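K.L.:
One structure coming up, written as structure tokens, with questions to follow.
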Amino acid sequence: MKSRNGFATTIIILIVLALAVIGGIVYIHYVYLPHMTAQNQTSPNTTSTWIQVPGDSTFGTSDFSVMAYEVRCLSNSSNQPLITSDFEGSGYHDSTQPCTGTDRHIASVATGYPITNVGHDEAINYCQSIGAHLITNQEWMTIADNVAKQPENWTGGSVGTGMLFSGVSSPRNLTLSNGSVIWDMAYTQQIQSDANDTRTPISASKCSSSGSLGWCEFAKGAGTNPYITSWAPGISATQFAPPNSEWNSTQGVGLINVDTFNDGIFFRGGGNGSQVGIFTVDFSHGGSSSAYGGNVGFRCVQG
């Protein structure tokens with residue numbers, strides 16, 4: 001009888017140990033692995049999805065977290081993205097119904113439509129309301145420079161071959177060196193702070209077309225498109241241009257709209273046709289409180 005009891009006890013002990021091992025594996029998978037990888041993580045203070053971005057000394061940045069998607073407006077009760085009554089197919093119109101109050105909140109989620117028709121100051125306030133800040137140009141360039149150097153973001157499968165993904169006849173998502181994935185950085189225009197996070201207007205850079213203002217290439221190409229010939233005092237190619245000085249819209253990096261740096265506010269990404277690209281920069285918009293159009297959104301950064 002004792003023998004049988006001993007055998008039964010041994011079996012029970014083995015089962016308990018097995019369950020403990022399995023439990024340990026499950027615990028590691030769900031608790032430790034998210035912190036060991038660079039995949040999307042959910043912010044503790046919102047329903048947002050954030051990704052980790054490696055810092056870059058070239059742009060004076062340390063590691064930071066950025067929203068994986070442009071800001072949306074979500075219902076507090078359903079936690080689902082909202083649209084406004086005058087919805088026109090381009091986004092949640094903040095000028096019609098601000099995403100404030102006790103029944104809604106901002107978040108970065110994959111579904112729904114971005115908040116648009118929002119001003120620069122409003123975008124700043126939205127980000128601050130969740131303990132974050134509006135993405136700066138240095139942070140944007142940290143991301144843009146990083147993804148441009150990853151072969152999986154090029155249609156040709158290697159850096160500089162084909163076109164950099166922009167969302168136009170190519171994927172809308174871009175992968176960073178640490179495996180993080182970010183969406184719609186090239187596809188839609190987004191509000192930025194200026195290169196020095198100030199509001200000081202500066203003189204315009206120039207295109208090769210008789211020194212005029214307007215859209216031009218970052219570099220001279222095979223065609224006749226005007227290209228930037230000189231950078232205005234106070235700014236440089238490092239702050240806005242792709243890492244290869246020969247890349248232009250042929251490589252899908254976008255264009256630059258040179259103009260007076262009105263009120264220290266500008267857009268990155270988006271546009272139409274060859275304007276679409278993660279390095280696209282538009283200096284032609286000013287006014288910190290005015291609501292921009294239905295194709296202009298924003299995203300926030302932590303850290």
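FYI, it's all coordinate maths here, none of it is from the lab. What you see is a predicted model, and the numbers here were worked out from it, not measured in a lab. All Cβ positions, glycine included, derive from the backbone under ideal geometry; neighbour counts span all protein chains shown.
K.L.:
With a 10 Å radius around each residue's Cβ, average the other Cβ atoms per peptide and rank 59-69, 156-166, 230-240, 111-121, highest first. Before the final figure, lay out each step's value.
P.N.:
Working: 59-69: 19.1, 156-166: 17.4, 230-240: 15.2, 111-121: 21.3.
Going by the mean number of other Cβ atoms within 10 Å, highest first, we get 111-121, 59-69, 156-166, 230-240.
K.L.:
Can you work out the FRET efficiency for the pair Ser95 and Arg172, with r the C-beta to C-beta distance and R0 = 35 Å, to the nearest 0.05? Please list the in-between numbers first.
P.N.:
Working: r = 26 Å, r/R0 = 0.73.
Efficiency for this residue pair is about 0.85.
K.L.:
Okay, next question. In a solvent-free Debye calculation with one equal scatterer on each Cα, what is log10 I(q)/I(0) for region 67-156 at q = 0.22 Å⁻¹, listed in the order of the q values?
P.N.:
Reported log10 I(q)/I(0), two decimals: -1.09.
K.L.:
Rank by packing, highest mean first: peptides 180-187, 98-105, with packing defined as the count of other Cβ atoms within 10 Å averaged across residues.
P.N.:
Top to bottom by mean Cβ count within 10 Å: 180-187, 98-105.
K.L.:
What FRET efficiency comes out for the pair Ser158/Ala110, r = Cβ-Cβ distance, R0 = 22 Å, nearest 0.05?
P.N.:
Once rounded, the FRET efficiency stands at 0.15.
K.L.:
On to the next question. Roughly speaking, what is the stretch gain from Asn79 to Ser236, that is 0.36 nm per residue apart minus the C-alpha to C-alpha distance, in nm to one decimal?
P.N.:
52.2 nm
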